[in-house]
Amino acid sequence: MWMCEALSRHVQVILYVQKLYEPLNEVYRYYGVHPSFQIRETGFLWKPRSFWAAPIITHFCAADRPSYVYLFEARLLRYLRLFAPNLNYIYDAEAMPSTLVPYVRHINSAKAVICHNQLFEKDLISMGIRPDKIVIGQMGVNLEHFSQLSKEASRRQLNLSLTKKIVMYTGHFYEWKGVEVLIQAASQLDADTEVYLIGGKEADIQRIIQSHGGLSGKNIKMIPFQPPALVPTYQQAADVLVVPNVSASEDSSYYTSPLKLFQYMAAGRPIVASDLPSLRTVLNRENAYLVSPDDPHALAQGIQAALSDPLEAARKTQRAQDEVKQYTWQKRAERILKFVSEDIVTSNSGRASEASPVSHL
């Protein structure tokens, strides 16, 4: 949704979905995006990433005649090429590189292959993806979502404690995200410090509660999944924001580009993160507190360091806020569009000209 909004500042964008369960205006509001692009229903797709979906999607493409088709599934790219070999494809590689080996030929047919970082790029090249096809595009952030609310104002809006120190994690609770490490670190923090876990699917929430014998009586607060448009308010209510990814997962160590990371940087709160190669592509000891992964004690020490030295925390926070300006969704969209068409981004109006070879996606 955020990439569609960013792309739509330069080209016409149509987002295909199977079904909308809320009115369109509610969908845009939920994500906090402007209604600057179309959302179109395809109807039910049996196995949407399969051979059977390709002719239906091709039918819509034939009607809309997009200049480019932007997609995230290599397997679907393979099947779409059977039915629409002459379309121009932009492939955003979110899958693990090792799973893409069967699709190298199809990926190389795309006009652009987007990956999260230099580590991802290196592995794509080693498996046969052409270097001249690859664009590095870290995930991004919409800076206008961060109004720089004070910590107190954010907490009042969310009805959170005004006196406790709040350490916060937002996002999925998958095992490789390291939420369990943060829970173990919570027991080593001061009594006036609370740890908030925001988000997670119900199955992951129940797994965590059961594995820790319940969380009642502990300094841990778990809040279910929140609308994306509200997440920045939660993040600005925190004293410290945490990215506790574990090292055992290859995705975690090398390929991930967490949305939360760029939101944290924009939120203006100190970041404590696992010292992993993937996170090191953005973070360093000048803009964050980096700690040994998989180590609750090291994580607790990093959190305490961020809480105990306000001047150093403020210095790192300001550095992160300055650097996140290069990681907006808008800059990511412009980088991709410029790659596929050098004159797509006009220097004066910020809109695509009528002569641009890319009219819409």
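The values are calculated or read from the model by the stated rules, or taken from the named source; none is laboratory data. Just so we're clear, the structure is a prediction, and the values are computed from it rather than from any experiment. Here the Cβ is made from the backbone with ideal geometry for all residues, glycine too, and neighbour counts use every protein chain on show. Quick note on the areas: whole protein, heavy atoms, side chains included, nothing else; ligands and nucleic acids left out. Shrake-Rupley method; radii C 1.70, N 1.55, O 1.52, S 1.80 Å.
Residue check: Asp239 meets all listed conditions (1) modelled with pLDDT of 95 or more; (2) surrounded by 20 or more Cβ atoms within 10 Å (Cβ to Cβ) but one, namely (2). Within the set Pro232, Pro228, the sole residue that is crowded, with 21+ Cβ neighbours inside 10 Å, under 17 Å from the mean Cα position of the chain (by Cα), under 20 Å from Gln138 (Cα atoms) and in contact (Cβ under 8 Å) with a residue 12 or more places away in the chain turns out to be Pro232. When restricted to residues that are aliphatic (A, V, I, L, M) and either in a helix (DSSP H, G or I) or modelled with pLDDT under 95 (or both), the stretch 166-188 contains 6. Residue count for the stretch 126-149, restricted to those that are surrounded by 13 or more Cβ atoms within 10 Å (Cβ to Cβ) and assigned to a helix (DSSP H, G or I): 3.
How many residues, within the stretch 283-332, are in contact (Cβ under 8 Å) with a residue 60 or more places away in the chain and under 30 Å from Val135 (Cα atoms)? Qualifying residue count for the region: 9.
Every condition in (1) small (Gly, Ala, Ser); (2) open to solvent by 30 Å² or more (accessible area, probe 1.4 Å); (3) touching a strand residue (DSSP E or B) at 6+ places or on another chain (Cβ under 6 Å) is met by Ser187 except one, and the failing one is (3). Taking helices (runs of 4 or more DSSP H) as the structural unit, those lying wholly within the stretch 1-105 and holding at least 2 residues that are in contact (Cβ under 8 Å) with a residue 40 or more places away in the chain correspond to 2-7, 24-31, 54-64. Name the single residue that is most open to solvent (accessible area, probe 1.4 Å) among those in the stretch 106-123 being of a type outside the set (Lys, Arg) and part of a loop (DSSP other than H, G, I, E, B). So the residue we want is Ser109.
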